[in-house]
Amino acid sequence: MADHSREVSSLYMFSSVRKRSFPAAIGRKAYRIPVHMLCLVTEGEGILLLDGVLCRIYPLQLYLLVPGMMIEVPEQSVRFDYYGVFFEPLMITKTKHGLSVAKEMQQLGSFLPGPLPLAQPQRVLQHILQLQEDSKGVHKKDPTQLRIQLEELVYEVASDTPVLSTMKDQRIEKVITFMEQHFTDKISMNQMAAAGGISTVAFSKTFRKMTGIPPVEYLNHIRLMNAKKMLDEDHRRVKEIAAAVGFNSEFYFSRIFQRVVGVSPTVYMKRGQLKVAVASSLGFHNHLQALGIEAVQIVDLLQYPGMQDQEYQQLLAEQLRQLSNSEPELIIADHYHTEFRDSLKKIASTVYIDSDGWDWKQNFMKIAELMNREQEADVLLTRLQLRISDVGLALREAMGDDRLTIIQVNHRAIGIQGLANHPLNELIYSELGLKAGPDTPADEWRVELQPEWLDVLDAEHLFIHKHHLRAGSEAVYQRLAHTSSWSQITAVRLGNVRIIDNWFVHSWTLQGRQLIMEQLLDLFKNDKSGIIQNE
């Protein structure tokens, strides 16, 4: 018999409001959404791919983004400014046996992920601005009040009525539909313009204004998406696939494919079966290991501070020799290794993972695509997100109202980590939700200064990493420890100073982020009071 006393309702836990730009750097990139977010675009027009679906973006459009969604940015895309409202949805079920709470992963009330049409977007914007103001500063409202304001925002969105698309939208829609139906044919600009009922003279400018990219590039994107499917599924030659998706020249197809995807069509066909080497200072080999792949060789060709020129030249030559002897079919390199492009291309085809924007997940997913391990990567990221949620809750309970500050000491200066714009900052303060000391920079990823210039830090916990010890970071640390402000720092007085591993590098990989969380848990588990002792 059905339980008619069962009641289900949603609860939205507010996290923060932030104003950001997207993407962080111009160029084709892929981003995976880690949290629930209402995203209101304020500036910029163009196109993005939301989970593989082309979406035209305009100012004052609202989007519901949920964990796991993939956003892809075409080449030559414009930059968008937006307000992001970050939150965690919960589903509360009431039965005769009591209450149960579960995470509601995919919907916001009756809304599905994607665009949410608005009739009065300015009202929604004002609501978001008020929520941002009330969640910051000395007059910050308590969590219950902020949650209620978020609920009111959701109600505002739900009660709004959409406006029909403009004629301009419909004309471009017709052009895109024509492209999708005829991408295998030779299509002229005149044909595309006629499909949308737009004059030939105005067509290119109109299309680019609406989508952010020229019509030919948009058409090539459609062709390449279909080519990737064929390369995965069909056992045909590259020349045949090029012709099947509308390219007359195999050479031109291969060049465009290499530029957009990062590897040649031939290499793409073999992905998952290649002997792969890594040239990275960001731990790219850990990405491969997480996906069940062992690199045939791992090198880091950078000259780090404290390394003498002669020593470095010998080490560089030896690493290149070992890399060559491993006979890789593909080298995956980070952007720090672009200066070694000539040396690497003599050994094997090399793809450079550009981490502009410092998005570690983008790196991971790009490598997963190259290795044909996208599904495995999705599972790993989901498990990591669940672990972050559990660890964050445990740490917040252990720390209570305690705040922390993270400092990196190098051979030149000391740096106080900020709240965002670096994988470590985002893990500690955003994803785990730990409280930052009041001296933590809000808008910069790190602020560097000389030890003698450091003010008294008002944080109960201080985490310090000594970077580039060979170059002299220990001497800079000693200068810090002998300043007049050192003994007055709250964490120093409480005995809560801890020398940490290189969390800055660890934060760039899935395994490294797990290691950081386990070390944090161990620190508090070993002392029930939550106090971290001096080294």
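The values are calculated or read from the model by the stated rules, or taken from the named source; none is laboratory data. Note that the structure is a prediction, hence the values are computed from the model and not measured. Every residue, glycine among them, receives a Cβ derived from its backbone with ideal geometry; neighbour counts consider all protein chains shown.
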Check your understanding: Quick check: anything in segment 312-320 buried (at least 20 other Cβ atoms within 10 Å of the Cβ) and touching a helix residue (DSSP H, G or I) at 6+ places or on another chain (Cβ under 9 Å)?
Key -> no
Point to revise | Test: Leu462 is closer than 24 Å to Leu395 by Cα, in contact (Cβ under 8 Å) with a residue 40 or more places away in the chain and of a type outside the set (Phe, Trp, Tyr) | key: yes
**Study point:** Options Leu469, Leu449, Leu462; residue that is farther than 12 Å from Ala413 by Cα and surrounded by fewer than 20 Cβ atoms within 10 Å (Cβ to Cβ)
**Key:** Leu469
Check your understanding: Do you know which residues across segment 29-41 are modelled with pLDDT under 85 and part of a strand (DSSP E or B)?
Key -> Lys29, Ala30, Tyr31, Arg32
Check your understanding: Does Glu327 satisfy the criteria of being loosely packed, with under 14 Cβ neighbours inside 10 Å, charged (D, E, K, R) and in contact (Cβ under 8 Å) with a residue 12 or more places away in the chain?
Key -> yes
Exercise for review: Please indicate, with yes or no, whether at least one residue in segment 398-414 is without any contact (Cβ under 8 Å) to a residue 60 or more places away in the chain, surrounded by fewer than 19 Cβ atoms within 10 Å (Cβ to Cβ) and in the same structural domain as Asn502 (by TED's automatic domain parsing).
Suggested key: yes
Point to revise | Breaking point among (1) outside any loop (DSSP other than H, G, I, E, B); (2) surrounded by fewer than 21 Cβ atoms within 10 Å (Cβ to Cβ); (3) touching a residue at least 60 places away in the same chain (Cβ under 8 Å), for Glu72 | key: (3)
Point to revise | Matching residues, segment 421-472, being among the hydrophobic types (A, V, I, L, M, F, W, C) and either within 22 Å of Ser389 (Cα to Cα) or in contact with a Pro (Cβ under 8 Å, 6 or more places away or on another chain) (or both) | key: Leu424, Leu427, Ile428, Leu432, Leu434, Ala436, Val447, Ala459, Phe463, Ala471
Check your understanding: For the subset of segment 354-384 comprising residues that are of a type in the set (Val, Ile, Thr) and farther than 18 Å from Glu294 by Cα, which member is surrounded by the most Cβ atoms within 10 Å (Cβ to Cβ)?
Key -> Thr382
Check your understanding: Within segment 381-397, can you find the residues that are farther than 20 Å from Lys525 by Cα and either β-branched (Val, Ile, Thr) or in contact (Cβ under 8 Å) with a residue 60 or more places away in the chain (or both)?
Key -> Leu381, Thr382, Leu384, Gln385
**Study point:** Number of the condition not met by Lys228 [criteria: (1) at pLDDT 90 or above; (2) charged (D, E, K, R); (3) crowded, with 16+ Cβ neighbours inside 10 Å]
**Key:** (1)
Point to revise | Selected residue (criterion: nearest to the chain's Cα centre (by Cα)) from residues of segment 227-246 that are closer than 19 Å to Leu54 by Cβ and not small (Gly, Ala, Ser) | key: Lys228
Practice item. Please list, ordered by first then second residue, the pairs with beta carbon atoms under 8 Å, 6 or more apart or interchain, first in segment 276-294 and farther than 12 Å from Ile353 by Cα and free of Cβ contacts under 8 Å to residues at least 60 places away in the same chain, second surrounded by 23 or more Cβ atoms within 10 Å (Cβ to Cβ) and of a type in the set (Val, Ile, Thr). Key: His285/Val278
Exercise for review: Of all residues in segment 89-113, count the ones that are modelled with pLDDT of 65 or more and out of contact with any Leu (no Cβ under 9 Å at 6 or more places or on another chain).
Suggested key: 7
Exercise for review: Could you check how many residues of segment 206-226 are within 17 Å of Gly52 (Cα to Cα) and among the aromatic types (Phe, Trp, Tyr)?
Suggested key: 1
Point to revise | Residue check, Ile26 modelled with pLDDT of 70 or more, among the aliphatic types (A, V, I, L, M) and assigned by TED's automatic domain parsing to the domain that holds Ala119 | key: no
